[in-house]
Structures are given as C-alpha cells and as structure tokens.
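The values are calculated or read from the model by the stated rules, or taken from the named source; none is laboratory data. Just so it is clear, the structure is predicted and the values come from calculations on it, not from any experiment. Counting neighbours? That spans all protein chains shown, and the Cβs are built from the backbone with ideal geometry, glycine included.
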Amino acid sequence: MKKSVLCTRVLLIALMFLLISQIAFASPFYDIDETDPFYPAVERLSKLGILGGYGDGSFGPCDYITRAQLAKIAVTALGKSASAINGANASLFTDVPNNHWALGYINYAANSGLITGLPDGTYRPDEYVNYGQALTIIVRMLGYTAEDVGYHWPQSYIEKARALGLINNLKFNADYYIDRKTVAYILDNALFTDMKSTDARKAKLITMMELSYFEDAVIYANQDVDKSLESNQVATTSGTFKKGSSGVDGFIGRKADLVVDKNNEIVLVIPKEQNIKNYIVDSIIDDEVTLISDDGKTQVLEFEKSVTFYKEGQKSSFGALKSSIVEGDKITIYSNDGKNIDYAFLFPYTMEGPYTIYTDYNELYQKISINPNTKVYRDGLLSSITDLQKFDVVYYSSPTNTIYAYKDKVTGVYEKAYPIKANVTSVSVSGITYQLATKQAINKLNESPGAFKIGDKVTLLLGKDGQVVDVVDMGQGNIQSYGVIIDSYEAVSTDEDTKGANEYRTDVFMADGTTVSLKTDKLYENHRSKLVEIDYKDGLAVLNVLPEKKVTGIINRNDNTIGGHKFAKDYAIIELVSKAANNVPTLRKIEMSDISTNELSTKDVINTAFANEFDDILILYVNDVSKSTYQYGILTDVVYNKLDAFSTARYGIITGGVEKTYISDGYFTGLSKYQPVMFKLSGNTIERISNLVQVGSGTKLQSVADGRIKINDTVYEMDLDVQVYEKSDITTFKAINKNSLKDYSNFELYSDTSLRNGGKVRVIIVTK
C-alpha cells in the first residue's frame, strides 16, 4: 500500500467546468475555497448529508478515507442510513466492537456485498482505502458485480469506472491512498450516473435517497415574476416546487438539473453550461429584431416563430409575442452552443420621462432611482451616467433598470406653427416639420405663454421617436451650429407669407448627420464642401466659412485625443466621401472607431472647429479616413493601354465571390496579380487601387467571434464583412463563408494598413 506524495497528485484537468456550474454560495468549510476544482462536488455531497466535515468547521480535503468512513458514505448515498442504524447490533467482524460508531454502516455494507472483510475475520475499520478499493465500492453501488465488469481486480472495476465517466481526467495509481476530496468528486459523478438496470427504465443513484431528479429544467418564475406563485415557490418546466434553501432564486431563467425531496422541496440546483446574452430591443420588422447588446454592439436576429419565449412567468413563443415587442424591451437569449437559440426571456419596459438635462447628469438623481447597477445607453451605445450631457433627453425603464438617453437636436429658425400658433402640434424649423410630443414643448412654442416666436432661432430636443420633447436656446459654439455646405441655389418660396417670391436656399450636412435646407441670406455656391458655422439674422441663416485649421498627429483612442488635442464631450466627425465635378460633396458622419489609421496627416484632415479656450476638438472634418468607400477582393488580371495622349487600364477582380471587370482613366503601378486588393469606384471606373498588406499567417485557428479572429495565439481585429477565399492553386480562388474557416489549416490575413496603424483584416486566404 502506498501513500500519494501530495494531495495535489491527482490531476483534475476538466473539473473547471464544474466551477462554472456551481451554486454561488460561500464555502461550507473554511479549508475549501470556492475556486478549488473539487468544491462543487464537496458542496453538493455536504448538502445531501452524504459527506460532511469535522466539528471544527473543516473538511480535510487532503485527509485519507478510512474503511469505516467509506462504509458510512456508501450506505448513506444508497439511502440506507435508517436500515444501517437499525442493524447496529452485533458486529460481523472481530475488530469492530459493538459500540463502534460505524457498526451499522459496516454491517450493512458487508451484508450487501459493497465491502468485504479480510480472510482472518477482521474488517480493519481504521485502515486507509486506496483508489482501487474505493472505485470497486462505488461501481458496486451502481449495481455492477464482477460478473459484469470482469475478474481482474482492481483493473476491471477501474476500467468500468472510466467507461461510466466517474474518473474523467483523473490520473492515479490504484494502490495509492485516496483522499476525501477525490472521493467526493468520484461519488458526485456517480450520483448522476445511470445504475445498472434490467429494464428500459434507468434509475440514477441520486434517486435511491428518496429524491427526484429532473434534468434540463428551465427555471422560469418566482413570485417576483409571477404574482400567482407563493413566496416559497418557483415554477420550472418540470413542475412547481418549494425553494427551500437551494438558492434557486439566483437561477431564474437558467436551465438546470434539479434534485427534489419527498416534500417537493428543491435540495440541489445544478445549472447547465449556457451561453447567456442580454439585449435591448432597438427595432422589430417582421421576424427580424435589431438588438443592442450589453457591450453596445448592434446586431439583427431573425427569430423562428416557434422559438420558446417566457414573459412574466408564462411560457409562449416568439410568434405569439411578436406584436407586443417594442423598442426598449429587454430580451435575454439562452443558447446551449452559442449559435442556436434554445429559448429567450422577454422583459417589457415601462418608460419614465422624458427628462431634459439642463445642467448636468446630477439632476437625474432627484428624478430616477439610480444605483451602481443602472445601465446607461446614449444613442444606442453602452455608456455611463457621467457621459450624459447638457440638453440630453432621458428616459428610464424601471423593470430593466436602464437609462436611455438621446442627444439628437435640430437648430434653426422657427418658421411656422401647425395648425396655428395658438394650438400648435407641429412646427417647421429650417424647412422640416417636426411633431411635438410633450406639453412642455407645446407650451414653449405656442402663442401664450410661448418662449419662442416665429423667426426665432431655436434648438429642438428630439426624443426616442424623433419627436420634439423640449425647446431651448443653445446659443453658438455647439455642434448644432456647424455643418458642411452641399449646394446653394435660388428657389421659389412656398411659405404662405412669401409664396411665389424668390429666395436663397442652401443644403447643409449638419454635424448630427442630418441634411437640412436652410433659407439663407445669400448664395453660397462658391463654398461647396466648406465647413461653416451657422448663425441666424432676421429669420435667415448666415453661413460663416471657417478658416482652415488642421489637427493632425497620433490618435489615442484611450485618451480620446488626436495630436494631443482632446475632443469636447459632445463632438462630431464628418467625413468627405467624395466630390462631384461641381464640388458637390458626398458626406457622412463617422465615429472614432471608424478611422482606419492611428495617425492623421494633413491630407487626411480638411478642417477643424474648436470648442473652447483649450482648443478641444468640436468638429473634425476629414477626407475619407474610414475607407468605407473601398471594396476588397482578389486581383486576377490587369491590362494597361498606353496611347499617345491617353492611358487606360482594365482590371479583373473577384469581389463578393464574383469576378468583375473595371477600368481606370490612367493606370496604377505596383499591383501584383492574384493578390488581395482594395479599390474605390466611381461608377464602373476605379479611382484608386492598391494591394492589401499581409498582416498575419498561421496554421492554428482558435476562435472567430465578435469581429476578431485568433490564429496561432495572435488576435486580429477583423472587418465584419471580411471576404474569405479558398486558394486551390496560384490562380484559382473560390469565395467561402467565414463560418467554414474551421475546415482549413492554413491562413493568410490581409489588411488595408498595418495593424499598428489601426488596420483591420479585410481578406483571408485559406488552403487545406
């Protein structure tokens, strides 16, 4: 007989899975930490009364098990403690006195064939048990004998234990003593293993203790969710049970195995490993639901009508609930594999508000029950309470403890009230009509006591549905006062007061991403594509072209700076996508994360507007820095035509899985055939084209998720629309779905620029 060198000799490699699924209680023993891999087994066996600790509050995880102790553990696990106590009369063994604490258990174990004595008539109750002996007893507890497993002891029993999954990932020598924690782990596995049975009905060891075992039960309601339940009840797909001291309230929504006693009380909750994601509904169209995740990312999911949904303690389906799902609802999706939806929970919201922030976010503490767990979304992005700004419009959902803030504003001239100013329901500002959603907004824009008159400059604060909830005078120096001129022209007025008269109109791309048609004091056709600050005089917009100021340098996304300049709390980045021949621009609003480089040069920046005496960046006007207008693919052919006065080129490119032909006026050098390229089109004409940069390669794909790919222990940021091509030879490429990457063994990753400069993987080439 040998002792193990150390308690840690047994390798519990896969036991970390159990840590994921254990009940979140404080450890019942001071010498066992919840992070220990064997803790869940000890905790469960302790709750079932099978394996307890010592009087001093310890468990002794490294103590060896004696033959007497194992007899009691085995008999208790079989639910035969009462029979054992009744049989504590005369000892069957010469070395077990009639007053021995384990007499009844030893007698029962011996009579039932679990444990045998020695040839000399002794039992040796205080002798330590080795692995071979322990596994033999536990396998016998499941109903197996030597006839079932074989007569090569102990190897036959060890192999049966392995086949039953009792000793997964354990490494040991059969003649080494076994410690208490390892016995707990093996026995815990055995409790939920099918016993030997001669009929179709499979019993589990756990059910021998007058306990019921329910697998894969969804715990979907307690009294907080369903008021029809009693305070000590919980509803599951396997029935309604008493909570007891199981801690089941902490697992509402989860799928779990349940152990229930004869009094219908839950004894154990063993949660299943699940992928759980929380979302806020942004919109719903047909069966497609646009959702915002906890990390602020947006995705569209198409739900099958039959997918199980739980709402307010009632089981239903997506098809039945679809018509009632609205923006702001919370949906929690549960998945077994991280891909397919198993079921979902729907939490309807009730909105408080809207509230206007007139100074700063501290105002909200007097109106909303804000706590450290309150989630904040600002314009759909996960934020914090301190991110909320002056003149934000705020709503609060108490069921989900979530704040929704909106910063959409419209600044312009108050041109008209509908139907009349004395009974206003909508207004025209800078040529666009807006509905009024609150009494507050109506009162500020009506005839009496309205704070604003026709012809005044106003800023409309828009709520979650784009309607006006408040009206303020923001003054100058805010992002609503800036835009880029698109075009300027003469028009005929359609206003009742000036109908038929000529007027000047200028289309401006505003810093908030909207395009407005302003009635201006003059024509600004010579200032197309210019960044302007907008003022108002006598009901007309006056556009002041900003002098050229360029902020360049390193982008620090952590500090939110460029070239050492901080951004204002509320700022905007406007990107010039392209310009037509008459200087009419195509523009879009972008975010810092859209910039595909880590440094801005003078050619990248067109102009900058500053917010204050610190020169914080208020408006950054840039030249196609996102590369959003570029397409990506594989260059298969290039033919240059060089004439005396004119040069052209023709390109064959596989993009989106289809080979297409494009031309260019002039030609681009430095291109390599059968390599990934990026190119920008104007119609069917290539304006720019260049080879992509190879940024990585490898043979070991480890993960593809959330816009990232991990190859050979290196993580790469990946474009969500990344193109993947299988290369069968040097000239042959076939587009494949990125979900098929797992089927390949060689990977080449290409980006628009180096990863150091903020590049993303745009094209992946794979081979088998």
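Numbers for the structure displayed
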| quantity | calculated |
| --- | --- |
| Complete set of residues in region 76-96 that are β-branched (V, I, T), at pLDDT 90 or above and either surrounded by fewer than 18 Cβ atoms within 10 Å (Cβ to Cβ) or in contact with a strand residue (DSSP E or B) (Cβ under 9 Å, 6 or more places away or on another chain) (or both) | T94 |
| Hits in region 90-147 (condition: in contact with a Gly (Cβ under 9 Å, 6 or more places away or on another chain), within 22 Å of L205 (Cα to Cα) and among the charged types (D, E, K, R)) | R140 |
| Qualifying position, being under 24 Å from F452 (Cα atoms) and outside the structural domain of V429 (by TED's automatic domain parsing), among L546, L531, L523, L518 | L518 |
| Subset of region 25-63 [part of a loop (DSSP other than H, G, I, E, B), of a type outside the set (A, V, I, L, M, F, W, C) and surrounded by 14 or more Cβ atoms within 10 Å (Cβ to Cβ)] | S27, P28, D31, E34, D36, P37, G52, G53, G60, P61, D63 |
| Odd one out for A14, checked against (1) part of a loop (DSSP other than H, G, I, E, B); (2) at pLDDT below 90; (3) at negative phi | (1) |
| Residue, surrounded by the most Cβ atoms within 10 Å (Cβ to Cβ), within region 161-191, restricted to residues that are of a type in the set (D, E, K, R) and touching a Gly at 6+ places or on another chain (Cβ under 8 Å) | R180 |
| Total residues in region 550-609, condition within 35 Å of the chain's Cα centre (by Cα), free of Cβ contacts under 8 Å to residues at least 24 places away in the same chain and under 19 Å from Y630 (Cβ atoms) | 2 |
| Filtered residues of region 244-260 (kept if assigned to a loop (DSSP other than H, G, I, E, B), out of contact with any Asp or Glu (no Cβ under 7 Å at 6 or more places or on another chain) and not aliphatic (A, V, I, L, M)) | S245, S246, G247, G253, R254 |
| F214 being of a type outside the set (G, A, S) and assigned to a strand (DSSP E or B) | yes |
| Residue among V677, V722, V715 that is part of a strand (DSSP E or B), aliphatic (A, V, I, L, M) and more than 22 Å from Y630 (Cα to Cα) | V715 |
| Given (1) buried (at least 19 other Cβ atoms within 10 Å of the Cβ); (2) aliphatic (A, V, I, L, M); (3) modelled with pLDDT under 90, index of the condition L388 fails | (3) |
| Pair list, Cβ under 6 Å, 6 or more apart: region 344-368 residue over 20 Å from A437 (Cβ atoms), other residue surrounded by fewer than 20 Cβ atoms within 10 Å (Cβ to Cβ) and of a type in the set (S, T, N, Q) | F345/T332; F347/T400 |
| Residue check for K311: buried (at least 17 other Cβ atoms within 10 Å of the Cβ) and touching a residue at least 24 places away in the same chain (Cβ under 8 Å) | yes |
| Residue list for region 449-476, filter: at pLDDT below 90 and more than 15 Å from Y418 (Cα to Cα) | P449, A451, D456, K457, K464, D465, G466, D473, M474, G475, Q476 |
| Residue count for region 321-335, restricted to those that are in contact (Cβ under 8 Å) with a residue 12 or more places away in the chain and exposed (fewer than 15 other Cβ atoms within 10 Å of the Cβ) | 2 |
| Considering residues of region 208-229 that are of a type in the set (D, E) and under 28 Å from the mean Cα position of the chain (by Cα) only, the residue nearest to I138 (Cα to Cα) | E215 |
| Those residues of region 225-238 which are in contact with an Asp or Glu (Cβ under 8 Å, 6 or more places away or on another chain) and without any contact (Cβ under 8 Å) to a residue 40 or more places away in the chain, in sequence order | V234 |
| Residues located in region 484-518, provided they are crowded, with 21+ Cβ neighbours inside 10 Å and closer than 18 Å to Y414 by Cα | T506, V508, M510, V516, L518 |
| Residue match in region 660-669 (condition: modelled with pLDDT under 85 and out of contact with any strand residue (DSSP E or B) (no Cβ under 7 Å at 6 or more places or on another chain)) | yes |
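Results for (1) under 26 Å from V693 (Cβ atoms); (2) among the aliphatic types (A, V, I, L, M); (3) not in a loop (DSSP other than H, G, I, E, B), shown as yes or no for each residue.
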| position | (1), (2), (3) |
| --- | --- |
| P547 | no, no, no |
| N558 | yes, no, no |
| A568 | no, yes, yes |
| I573 | yes, yes, yes |
| R588 | yes, no, yes |
| S593 | yes, no, yes |
